[in-house]
Amino acid sequence: MSRVPETDAIEMTPVAGPVKGSIRPPGSKSITNRALICAALAEGSSTLRGALESEDTQVMIAALKQLGIGVEVSDRGRTLRVNGCGGKIPAKAAELFVANSGTSMRFLTAMATIGQGVYKLDGIARMRERPIGDLVDSLRQLGVQLEAAGANHCPPVVVNAAGLPGGVTSIRGDVSSQFLSGLLMAAPYAQQSITLNVSGTLVSIPYVDMTIKVMESFGGQATAAPDHSRIEVSNAKRYRGLDYAIEPDASAASYFFAGAAITGGRVTVEGLSRKSLQGDVEFCDCLAQMGASVEYGPDSITVQGSKLHGIDVDMNGISDTVQTLSVVALFAEGPTRMRNVAHIRHKETDRIGATACELRKLGANANEYDDGLEVIPGPLHGAAIDTYNDHRMAMSFALAGLRIPGVTIRDRACTSKTYPDYFEDLARLIAGA
Ligand SMILES: O=C(O)C1=C[C@@H](OP(=O)(O)O)[C@@H](O)[C@H](O)C1
Ligand SMILES: C=C(OP(=O)(O)O)C(=O)O
């Protein structure tokens, strides 16, 4: 891999042989930002270990500090000491900037309703196009005064908070599960217990289950119907400060598993298992269906690559790995169809359109559907890949360059959203270091 001078592009070098080694990716973004919210609201102080240090967690920490919560960062960002406010947000006004962090925008909007004052939340231009209206509507039904002041009910959000009254609310689940997760984590601090009635087909269900588990670790309680159509949160069970260990990021791990799969290599990711809180470990099931072998240890997952064939798969629950699987599909025999992920058009970019466009640049055929895409492998060749300010475009298309000569990834720095050292870690794994 070499930097292209004067630009922030990186030219990938095809690997000489199978990728073999083991790696522990940085902490989970989703768990770090959930643990930060619960620790911030808790009674007493918490220590979060194995946290992710990246843009998405830095904006969350900065916002919590502006709300008056003490957060001390040590061990190169991996250890966070949080002084919980016991549900009493100290700041009476704040303007929070969350860049393009969906979790921070949605979780902090719900948390701010517990405060007493005016809180404004905003982000970069793309954040002003990402939906939040369904969360705003749901919080209004609970008696909160707030508005999504941007075009099409998007951020900036202004919360005129006088506490969260609570009660029964309906919330749409078919655009982003983060609306539910944000509301659930704030709910123990409502004046009445909260019942959420979920309308539409809930997307990204494993993230809602993760939210409930993190809440439970901190002493909260949320009870979901088996089909997640209704979730009840008690306001009698509030969070207590905790020493909390964060798993490595399973979505980040998908790139290393994929690297093994497409090079006939063998990669072990440490710190993950079948029992992970993160649904994205199920990306390995897709690789297994394609022909790779997967071994689950008590604290590691190993993928061994072999001849791959295309699959037809519903990725609703693991949609952050659609781009990874799309690149794997380039090296499989026969087409791969990824379904039921219409919601990924609302992420850092329209991920269905962007992925299809860049796959075609490499020589593949890609068919775009409302709900996903189909990758039909073809004779492949190098190309300069645009990354759309989307970390997952950069991280997944870099893998194509492990097999195809002449792949350049533009704007490598966009990985800083969740994985600032991605290219260094990938190079180290390839080198067997
Ligand atoms: O709750 C979370 O931590 C996340 C939920 C998912 O979003 P959606 O629910 O919008 O699909 C996922 O894409 C995102 O990276 C993290
Ligand atoms: C969609 C993502 O992030 P978020 O929604 O938290 O911005 C992601 O990390 O792929």
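Expected output is a single nm value to one decimal: the length gained when fully extending between Q192 and N340, i.e. 0.36 nm times separation in residues minus the C-alpha distance. What is it?
49.7 nm
How many angstrom lie between the C-alpha centres of segment 192-249 and segment 1-63?
23
So what is the 222 nm mean residue ellipticity for the chain from helices alone, if each DSSP H run of at least 4 adds -39500 (n - 2.57) and you divide by all residues, rounding to the nearest 500 deg cm²/dmol?
Helix contribution divided over all residues of the chain: -9000 deg cm²/dmol.
Before anything else, pin down the relative contact order of the chain: Cα pairs under 8 Å, at least 6 apart, normalised by residue count, whole percent.
17
Using a 10 Å cut-off on Cβ atoms, rank the peptides 355-368, 296-309 from the highest mean neighbour count down.
355-368, 296-309
Considering only DSSP beta bridges whose two residues both sit in segment 29-235, what percent are antiparallel, to the nearest 5?
Given both bridge residues lie in segment 29-235, the antiparallel proportion sits at roughly 70 percent.
Using Cα pairs closer than 8 Å and at least 6 residues apart in sequence, work out the relative contact order for segment 29-235, in percent.
Reported as a whole number, the value is 17 percent.
On the protein heavy atoms, probe 1.4 angstrom, tell me the percent of accessible surface of segment 29-235 carried by carbon and sulfur.
Reported share for carbon and sulfur atoms: 46 percent.
Say the cut-off is 25 Å between C-alpha atoms; which of K65/K120; K29/K120; K20/K213; K29/K275; K88/K213 go over it?
Pairs exceeding the cut-off: K20/K213.
Which trypsin sites (Lys or Arg not before Pro) in segment 28-116 sit in a loop by DSSP (not H, G, I, E or B) and have at most 10 other Cβ atoms within 10 Å of their own Cβ?
Taking segment 28-116 and a limit of 10 other Cβ atoms within 10 Å, the loop trypsin sites (Lys or Arg not before Pro) found are R76.
Rounded to the nearest 0.05, what FRET efficiency is calculated for E11 and K275 with R0 set to 22 Å and r the Cβ-Cβ distance?
With a Förster radius of 22 Å, E is 0.05.
Taking the Cα centroid of segment 346-378 and of segment 74-131, what is the distance between the two, rounded to the nearest whole Å?
Using only Cα atoms, the two centres lie 33 Å from each other.
Under a point-charge model restricted to the Cβ atoms of Lys and Arg (+1) and Asp and Glu (-1), what is the dipole moment magnitude of the chain relative to its Cα centre, in debye to the nearest 20?
Magnitude of the dipole: close to 680 debye.
What number does segment 258-406 give for Rg over Rh if you use C-alpha atoms and the Kirkwood radius?
0.94
Report the FRET efficiency, 1/(1 + (r/R0)^6), for K88 and A431, where r is their Cβ-Cβ distance and R0 is 45 Å, rounded to 0.05.
E(calc), rounded to 0.05, equals 0.35.
Where the eigenvalues come from the Cα gyration tensor of the chain, what are the semi-axes √(5λ) of the equivalent ellipsoid, largest first, in whole Å?
37, 22, 20
Solvent-accessible area per residue for the chain at a 1.4 Å probe radius, Å²?
36
Looking at segment 29-235, what % of the alpha carbon pairs are farther apart than 22 Å?
Considering segment 29-235, 42 percent of its Cα-Cα pairs are separated by more than 22 Å.
The values are calculated or read from the model by the stated rules, or taken from the named source; none is laboratory data. Note that this is a predicted model, so its numbers are computed, not measured. Virtual Cβ from ideal backbone geometry, glycine too; neighbours counted across all protein chains shown. We work out accessible area using only protein heavy atoms, side chains counted, and drop any ligands, DNA or RNA first. Shrake-Rupley method; radii C 1.70, N 1.55, O 1.52, S 1.80 Å.
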